[in-house]
Amino acid sequence: MTDLDASIQPIFDEILQRNAGETEFHQAAREVFESLGRVVDRHPQYAEGSVLRRLCEPERQIIFRVPWMDDANRVQINRGFRVEFNSALGPYKGGLRFHPSVTLGTVKFLGFEQTFKNALTGMPIGGGKGGSDFDPKGKSEGEVMRFCQSFMTELYRHIGEYRDVPAGDMGVGGREIGYLFGQYKRITNRFESGVLTGKGVGWGGSRARTEATGYGAVFFTEQMLATRDASFDGARVLVSGSGNVAIYAIEKVHQLGGTVVACSDSSGVVYDPDGIDLALLQDVKEVRRGRLSEYAELRGGSAEYRAGGNIWSLAAETRIDVALPCATQNELNEADAVILAANGVRAVAEGANMPCTPDAVRVFTEASVLFAPGKAANAGGVATSALEMQQNASRDSWSFEHTEARLAEIMVGIHESCATTADEYGEPGNYVLGANISGFTRVADAMLAQGVI
Ligand code: NDP
């Protein structure tokens, strides 16, 4: 852990005290704070107006009860959250996560990260995040629909195309966005396309939004590799997770000539030395909503399922050039990072939010492994959500090729802005520093201009 600048330490202490027990939020804030000491030294205006303290206090936090009936007619109760973190650059924007592990602290860490990520895209969107401790796994279609309807019955009063625009995250995909949008439309009697993103392409969604986070992470990694005259062509890659981000990261790696040899879920790892069969993976995960163990059974051949296995330790068994953690927070620790770095991995990019622990990031930095933090590498999802809002506002619908080209352009821009900022602050190639400073200055400048609010 790097020491915090003397002017910043008291602000961090205040965060710990005011947000007791929210360890993921503390971790996300500390990571940003470690980068900001030198910005405050160079630009004292950021120390004035308590801009940093204000940035760490969400503008609004909503917690609500979500009652719903299960298939056996029993009443179930979940907790819903929406944290509207910062609207200096535009309406609050960020996904909804449905997962049993979701707490207020989880949503705050995600909303905090989202604020800087959205700023990095250069688009007019503020930061927010939400979700529930509801577990969609094992629920029937009817149960998922009734839950989504109950969730929206409270959430609708807080959102709107100029106010707060949620999207998907873990456990929330096209199906859930459909049910949420339907209930919003029914309550408000408005077809307000721009109130949610990640909608179906036939009713206001953007082409390439489903693919955008995974594709974007690969585009960012491609840019990093190019700084060392490398590429995905012929590269062997690990992608953790097997959800939305992982699936489309795998697709883009394969399109660029690389081979993804393993992916995972929370129960285990599939090692498939010939390369993951994407069509089969999509059938198992997206169509049947099955488990990864089923993929290995259906695939046969040399594909191997390792129950409870650790995907990163594969680097000690077989050549791996790139690692893309695309599952969840803190899934790649110091020991995993040591294995990856010691076995010649050249680049690691966070498709998920905060999947690498601070110690893992330190190992990568010390070993000169190219490392992209999530707020830069996975910003393609929200950037394409902003493109969806743009299409909704102009009643337009772009082609897949045009939207993907815009996404690629945005990711090149984010890479450029992180790299240039890191250079400016004397640490070339430090994408963590570059992303944090570049995102922070955009939000902080807007906050200073808008006064103490
Ligand atoms: P999904 O719910 O579609 O997929 C999550 C995947 O991660 C599932 O395969 C899940 O397995 C797996 N997983 C969960 N916990 C673990 C674990 N402890 N070890 C291994 N695998 C695990 O979510 P997304 O793909 O949408 O999101 C993944 C990450 O990307 C999250 O951090 C999210 O915040 C981030 N992200 C997502 C964006 C998006 O557009 N969707 C945008 C930007 C960031 P299982 O089925 O067993 O739970």
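Some points to look at:
- Boolean, F33 is without any contact (Cβ under 8 Å) to a residue 60 or more places away in the chain, more than 22 Å from the chain's Cα centre (by Cα) and under 21 Å from T357 (Cα atoms): no
- Scoring E427 on the criteria (1) open to solvent by less than 40 Å² (accessible area, probe 1.4 Å); (2) in contact with a Leu (Cβ under 7 Å, 6 or more places away or on another chain) leaves a single failure, condition (1).
- Conditions (1) within 16 Å of the ligand (Cβ to nearest atom); (2) over 26 Å from K285 (Cα atoms): number failed by V51: (1)
- Residue list for segment 192-242, restricted to those being acidic (D, E), more than 19 Å from the chain's Cα centre (by Cα) and more than 16 Å from H415 (Cβ to Cβ): E192, D233
- One residue alone among A342, A349 is of a type in the set (A, V, I, L, M, F, W, C), in the same structural domain as S264 (by TED's automatic domain parsing) and either within 13 Å of the ligand (Cβ to nearest atom) or under 22 Å from E251 (Cβ atoms) (or both), and that residue is A349.
- Filter result for G290 (in contact (Cβ under 8 Å) with a residue 40 or more places away in the chain and more than 29 Å from A408 (Cα to Cα)): no
- Tally, over segment 393-405, of residues that are in a helix (DSSP H, G or I) and open to solvent by 60 Å² or more (accessible area, probe 1.4 Å): 3
- Entirely in segment 276-392, the strands (runs of 3 or more DSSP E) that have 3 or more residues that are at pLDDT 95 or above, under 30 Å from T197 (Cα atoms) and open to solvent by less than 50 Å² (accessible area, probe 1.4 Å): 322-325
- Some residue of segment 416-431 being farther than 13 Å from L120 by Cβ and within 19 Å of the chain's Cα centre (by Cα): no
- Taken together, the residues in segment 10-26 that are under 23 Å from C356 (Cα atoms) and either surrounded by 13 or more Cβ atoms within 10 Å (Cβ to Cβ) or in contact with a His (Cβ under 9 Å, 6 or more places away or on another chain) (or both) amount to 9.
- Among residues of segment 261-275 being surrounded by fewer than 17 Cβ atoms within 10 Å (Cβ to Cβ) and polar (S, T, N, Q), the one that is nearest to the ligand (Cβ to nearest atom) is S266.
- Looking only at segment 62-121, and only at residues there that are within 14 Å of the ligand (Cβ to nearest atom) and of a type in the set (G, A, S), the one that is most open to solvent (accessible area, probe 1.4 Å): S101
- Unmet criterion (only one of (1) within 26 Å of the chain's Cα centre (by Cα); (2) of a type in the set (S, T, Y); (3) surrounded by fewer than 20 Cβ atoms within 10 Å (Cβ to Cβ)) for S50: (1)
- Qualifying residue in segment 32-42 (condition: open to solvent by less than 60 Å² (accessible area, probe 1.4 Å) and under 24 Å from M170 (Cβ atoms)): yes
- All positions within segment 124-135 that are more than 23 Å from N78 (Cα to Cα) and buried (at least 20 other Cβ atoms within 10 Å of the Cβ): I125, G126, G127
- Of the helices (runs of 4 or more DSSP H) lying entirely inside segment 1-113, those containing at least 1 residues that are in contact with a Lys or Arg (Cβ under 6 Å, 6 or more places away or on another chain) span 9-18, 23-42.
- Segment 339-361 residues that are over 25 Å from E211 (Cα atoms), paired with ones that are hydroxyl-bearing (S, T, Y) and more than 13 Å from the ligand (Cβ to nearest atom) (beta carbon under 8 Å, 6 or more apart): I339/S313
- Condition check for A315: in contact (Cβ under 8 Å) with a residue 24 or more places away in the chain and within 13 Å of the ligand (Cβ to nearest atom): no
- Qualifying residue in segment 241-260 (condition: within 11 Å of the ligand (Cβ to nearest atom), in contact (Cβ under 8 Å) with a residue 60 or more places away in the chain, assigned to a strand (DSSP E or B) and open to solvent by less than 30 Å² (accessible area, probe 1.4 Å)): no
The values are calculated or read from the model by the stated rules, or taken from the named source; none is laboratory data. Being a predicted model, the structure only gives us computed values, none of them experimental. Counting neighbours? That spans all protein chains shown, and the Cβs are built from the backbone with ideal geometry, glycine included. Each accessible area value is taken on the protein alone, full model and side chains, heavy atoms only, with ligands, DNA and RNA left out. Shrake-Rupley method; radii C 1.70, N 1.55, O 1.52, S 1.80 Å.
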